[in-house]
Structure formats: C-alpha cells, structure tokens
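What follows draws every value from the coordinates through simple rules; no lab data is involved. As the structure is a prediction and not an experimental result, all values here were calculated from the model. Cβ sites come from the backbone with ideal geometry, for glycine too, and all protein chains shown count toward neighbours.
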Amino acid sequence: MGPASLEVLRVAAREAADAPGQSLRASLEAAARSLGESLDGRFLAADLERLELELTRYRATFRPEQGERLLELRRAALEAMDFFAEFRPRLVGDVLSGTADQYSSIVLQLFAPTPEAVMERLFGRDIPFDESEATYEYCGGRSERVSVFVFGAGDEQVVLEVFPEERIRETPLGPGGAKLRRASRSQLLALIEGEAPA
C-alpha cells in the first residue's frame with residue numbers, strides 16, 4: 001500500500017472531466033475500483049492534490065474550453081470578494097484549485113462578528129438567498145458549524161460560509177484531511193493575471 005499509482009490518477013482525471021459535479025474523491029475511488037487497486041487512506045490528502053494537478057493537465061490538453069470557464073469563474077469570484085471585502089473573504093474549493101467545471105459554485109469563506117452581519121449586507125442590496133449550515137473539522141478533532149448563504153449572481157452561484165472573525169488565523173481541514181487551501185483577493189488576482197490571455 002502507498003500513494004495511488006499514476007495510472008489510477010490518469011483514469012481518475014478522465015473520470016472527473018467526464019462527470020462534472022462529481023467530487024474528486026469519488027472519481028479517485030471509481031478509478032481505483034476499475035483498475036482493481038486499493039487506496040491507502042494515509043495518502044488520501046496527497047492523492048487528491050496529485051489528482052488536482054493531473055486533472056488540470058488533462059483539461060488543458062483535451063478540454064481547453066474548461067480553462068476559459070475557469071477564468072470566467074475566477075473573475076466572478078474576484079467581483080464577489082470585492083463586494084464582501086469588509087468580511088475579509090477567502091476563496092476555497094474548485095474555483096481556487098483549478099478543477100472547476102460548468103456546475104461549480106464560487107465558494108467564499110467570510111469572517112464576521114456574526115452571521116447576521118453578512119445577512120444584513122445581502123438584505124441591504126435586496127439579494128435573495130438560501131440559508132443552511134456546514135460543519136468543518138479542525139486539527140485536534142474539534143468541529144464547528146458555520147452558517148451558509150447561497151445566492152445567484154448573474155449566471156453564477158455564490159456560496160458564502162460565515163466563520164467567526166478569529167478563524168481567519170485557523171484553517172479548517174479539507175476532504176482529504178489536509179488543511180483547506182484558501183486564497184485572498186491578492187492571491188486570486190495573481191492567479192487570474194497569470195492565466196489571462198495576453
């Protein structure tokens with residue numbers, strides 16, 4: 001047992017590209033099953049990171065139109081971050097990792113004194129939204145429930161996850177157990193400027 005083989009990652013990348021909306025973990029597990037291989041849970045976080053890179057390469061070669069879609073999503077995310085600048089937004093998820101497809105939402109983590117502060121911002125601009133909750137895990141086994149607000153912005157869906165202000169210094173864990181990747185506005189702008197056509 002050990003990290004997933006390159007063959008599994010390549011099959012998983014094709015699977016992910018052909019099944020928009022499916023999680024990378026589900027694509028990785030399906031690829032391993034199809035090849036008769038087992039995944040080692042100790043390497044799951046690293047395997048998912050390697051799969052993100054493999055998927056990015058696959059899409060750049062065989063699905064260049066998805067690169068254009070990613071750039072659109074990142075530009076829309078930048079606008080949303082500007083709109084919610086007072087809550088120090090951080091971009092997370094597929095739009096940041098580069099694995100976004102046509103079904104991907106823009107996911108921003110906001111840091112506010114209370115969830116109501118974000119609700120007031122939405123109400124103040126007459127933006128209708130749906131409300132729910134999500135649970136995040138942290139190192140040490142602690143978990144935390146956060147408020148989630150979802151709304152439409154043009155053709156995009158924006159998901160706001162509202163954390164207490166002090167959590168900006170503490171990153172929760174992602175699907176594979178590694179710390180979640182977050183990007184500030186300046187980091188996202190650097191990504192966009194690096195990928196925009198000259």
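Quick look at the values:
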read-out: Sorted largest first, extent of the chain alpha carbons per principal axis (Å); value: 53, 45, 27
read-out: Within a Gaussian network of the chain (alpha carbon springs, distance under 10 Å), most fluctuating of Arg42, Arg185, Arg169; value: Arg169
read-out: Burial ordering of Met119, Met1, fewest other beta-carbon atoms within 10 Å first; value: Met1, Met119
read-out: Hz values of 3J(HN,Hα) by residue in the range 159-170 - Karplus curve (6.51, -1.76, 1.60), Gly and Pro given as x; value: 10, 10, 10, 9, 9, x, 4, 5, 6, 5, 9, 10
read-out: Relative contact order of the range 65-195, defined on C-alpha pairs under 8 angstrom at six or more residues apart (%); value: 29 percent
read-out: Exposure proxy order (Cβ contacts within 10 Å, fewest to most) of Ser147, Ser38; value: Ser38, Ser147
read-out: Normalised contact order of the range 6-62, rounded percent, pairs of Cα under 8 Å and 6 or more residues apart; value: 46 percent
